[in-house]
Structure formats: structure tokens, C-alpha cells
1. Could you grab me the full set of residues in segment 142-183 that are closer than 20 Å to Gly95 by Cβ, in contact with a helix residue (DSSP H, G or I) (Cβ under 9 Å, 6 or more places away or on another chain) and either assigned by TED's automatic domain parsing to the domain that holds Ile100 or not in a loop (DSSP other than H, G, I, E, B) (or both)?
2. Among (1) at pLDDT below 95; (2) under 26 Å from Glu203 (Cβ atoms); (3) surrounded by 18 or more Cβ atoms within 10 Å (Cβ to Cβ); (4) among the small types (Gly, Ala, Ser), which single condition is Ala179 missing?
3. Go through Asn231, Asn252, Asn215 for me and flag whichever is in a loop (DSSP other than H, G, I, E, B) and either crowded, with 17+ Cβ neighbours inside 10 Å or without any contact (Cβ under 8 Å) to a residue 12 or more places away in the chain (or both).
4. Can you give me the number of residues within segment 184-212 that are buried (at least 19 other Cβ atoms within 10 Å of the Cβ), in contact with a Lys or Arg (Cβ under 7 Å, 6 or more places away or on another chain) and either hydroxyl-bearing (Ser, Thr, Tyr) or outside any strand (DSSP E or B) (or both)?
Amino acid sequence: MKLARPLIFAVAIAASFFYFTTWRNNSQAAFHPSNWLSHPAKVEITEAAGGEQLDSEEQNNISVYHKNIPSVVNVTSRTLTFDFFYGAVPQEGQGSGFVIDKDGHILTNYHVIADARQVEVTLHNRKKYKATVVGTDAAHDLAVIQIKAPDLVPAVLGDSHNLQVGQKVYAIGNPFGLAGTMTRGIVSSIRPVREPNGATIDEAIQTDAAINPGNSGGPLLNSHGEVIGINTMIASNGADQSSGIGFAIPINTAKAVLADLTRYGRVKRPGLGIVSYAIGPDLAGQMGLAADQGVLIQKVRPGGAAERAGLRGGREQAYVGNTLVMLGGDLIVAIDGQQVTDPQDINVIMEKHQAGDTISVTIYRGRKEITLKLILGEAQEANT
């Protein structure tokens with residue numbers, strides 16, 4: 001045992017001497033970059049064969065883009081705000097739009113140009129033009145502006161009726177100012193939504209195609225490259241960027257008001273000329289009404305369509321919670337044979353008509369059902 005210890009000690013010293021003087025130096029030299037890096041005159045890489053054919057889906061994506069990019073524009077609006085010291089501070093906002101005719105009319109969102117002192121349009125070829133606001137419709141978040149420019153390419157307006165959940169859609173616009181951007185998705189749902197300014201979009205097109213700030217006013221397209229909607233808002237949960245839930249105004253909604261916007265500068269929206277209140281089964285039972293649901297006329301506006309047709313408003317005051325309700329008026333249950341359960345149903349029906357159209361209104365007056373003919377007037381207030 002006494003002899004083993006000196007022997008082990010001697011072996012350890014010899015091994016350490018060998019490591020530090022021979023093996024370690026050789027190992028470091030072997031792994032030093034100068035001993036394995038090469039500097040060839042040409043790097044041999046593996047390249048694709050080339051000439052690969054695009055598949056049918058890719059070809060369609062490219063076709064939709066090239067067909068519509070000449071029609072899509074960038075819209076820049078400039079406004080004045082006031083700072084803490086009431087000094088004028090210019091502000092600039094950006095959105096999108098698309099050309100709808102050779103005369104230079106461009107469709108966009110109302111909120112893109114609202115309160116603008118100056119509007120400028122940049123075409124896909126980067127040429128800039130001053131634009132004039134021709135007409136606005138805040139209730140539908142729509143606006144028409146116009147530029148004077150040669151060789152404009154109008155977009156093809158499609159049909160947003162009978163859209164199917166799951167069908168492909170494309171969005172083209174200028175998200176975050178990045179001009180000429182296209183994203184792709186599907187129709188996720190068709191639903192009513194309320195915009196931040198309070199406007200309601202009936203049958204809004206929900207899509208998972210990426211829509212971001214700057215896309216507002218740009219076209220939502222079907223797989224044929226036809227405009228089926230106007231991109232208008234996103235559900236972002238405060239992140240101010242796409243979360244996969246975007247909404248577009250149906251193009252049929254826009255087409256229904258384009259003539260008024262370009263001719264009058266506003267929409268001559270038809271209306272019944274009433275103040276109304278929605279009645280459900282519970283209230284109908286408490287009030288002893290002849291139908292389970294409908295729209296109870298609170299007030300008939302003087303000179304309006306309802307007054308001319310002989311419809312009657314309420315005469316007796318009552319309260320539903322803290323809300324004053326007038327009882328005794330006619331209860332509207334159908335218009336043109338379509339069931340009416342709340343004022344929003346009336347709005348949807350009015351979208352299909354113009355001032356001057358004749359409609360049939362089915363009411364209950366007491367326990368008696370009556371159908372009257374009514375010539376629509378121009379609405380003075382929303383949904384009345």
C-alpha cells in the first residue's frame with residue numbers, strides 16, 4: 001500500500017505533463033479555423049431544376065392580384081386638431097379605396113376621409129392626385145371621392161348576395177402604409193356588427209384574411225376577382241392589428257346607395273316616418289296585444305309616410321323600467337310579407353327600397369289585423 005501511493009502519484013504527474021505539452025497543443029491545432037477552413041474559387045451549391053409550374057391555386061391568386069391592383073388606391077387624408085394650447089396640429093391618416101368608373105369615382109370608407117381638409121389619392125403607378133369628396137354616408141361607413149386622371153381601370157363589382165361560409169376571399173390594400181398588399185382567407189361568417197362610430201353593418205362579411213390599419217376602404221374580392229365587400233374594421237382586442245377577425249361591408253349595400261352618393265352627395269334613405277319600440281312576447285302579454293311580437297308605433301311624424309297612410313301612434317304613457325313607452329298605437333308585424341320583430345328588421349327592408357316606393361304594411365290595431373299601402377318618404381332619422 002505504501003509503495004502504491006508513490007507509484008500513482010508518479011503516473012499522475014507524467015500524464016499531466018503529456019497533456020499540457022503534447023496532446024492539448026495538438027488538439028487545439030487540429031480545431032483551429034486556419035486548419036479546416038477552405039477558400040475555393042467557386043462554391044458548389046444544389047440548385048432547383050427551374051421551370052417548375054405554378055399550381056392552379058397559385059395561378060388564380062396571381063390572376064386576382066394582377067386583375068385588381070390597377071384599381072386599388074391609397075387614400076391619404078389630412079386633418080387639423082388642436083393641442084393643449086389650442087394650436088393647430090396637422091394630422092395624417094391613411095386608408096385604401098378602389099376605382100369604380102372611368103370618371104375617377106373611388107369608393108372607400110367614410111371614416112377614412114371623415115373631417116378631412118385635404119384628400120390625396122396615390123395610384124398603383126405611384127402617381128398622386130388631389131381628390132374631391134363627392135358623397136358620404138356615415139350610417140353605412142361609405143364615401144365616394146373623385147380624381148381626374150387618365151387611363152383608370154375600374155374594379156368589377158360582384159354580388160354579395162348568397163355568399164357562403166368557407167368560400168375563398170382576397171383583400172387588397174395598404175396595411176400600415178405598405179401599398180399593394182394582398183392577403184387571402186375565407187368567409188368566416190355573415191353577421192351584423194356595430195362599428196366604433198355606432199354605425200351598424202347588416203350582414204357584414206367576417207373573414208380571416210389579414211386586415212390591418214390602412215386596409216380600410218379597400219376591396220374584398222372573390223376567387224373570380226370581383227369585389228364583394230369593402231374592408232372596414234377588425235376585432236383586435238386593443239392590439240390595433242389583425243387577430244384573424246376582420247369585417248367588410250357587403251358590396252350590394254354600397255351599390256344600393258352609389259347613385260344617391262354621386263348625384264346628391266348623400267343617401268336619400270327611405271323611411272316610414274315613425275318612432276318605434278320593439279315588443280317581445282313578455283311585453284306583448286303584459287300589454288294585452290294581439291300578436292306576440294312586433295314594432296309598436298310610439299309616434300307618427302307629421303307629414304311622413306306613416307301619417308299619410310293613416311298609421312297611428314300611441315296615446316297612453318307607461319314605463320318599462322325607466323323607459324317611457326307610449327301605448328295604444330298600431331303594432332307593425334310585417335312589411336311586404338316579411339316578419340318584423342324590431343326596428344332593425346325595418347332597416348333591413350328599407351335597404352331594398354328607395355324613397356317613393358310603395359310597400360304594404362301589416363299592423364294590428366287593437367285586435368284587428370289590417371294591411372295598408374304606404375308610399376315611402378325620405379328618412380329624417382335613422383331606422384324611422
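The values are calculated or read from the model by the stated rules, or taken from the named source; none is laboratory data. Values in this document were obtained by computation on a predicted structure and should not be read as measured data. Here the Cβ positions follow ideal geometry from the backbone for every residue, glycine too, while neighbour counts run over all protein chains shown.
1. Leu142, Ala143, Val144, Ile145, Gln146, Leu157, Tyr170, Ile172, Thr181, Met182, Thr183
2. Checking Ala179 against (1) at pLDDT below 95; (2) under 26 Å from Glu203 (Cβ atoms); (3) surrounded by 18 or more Cβ atoms within 10 Å (Cβ to Cβ); (4) among the small types (Gly, Ala, Ser), the one that fails is (2).
3. Checking each option against the conditions leaves just Asn215.
4. 1
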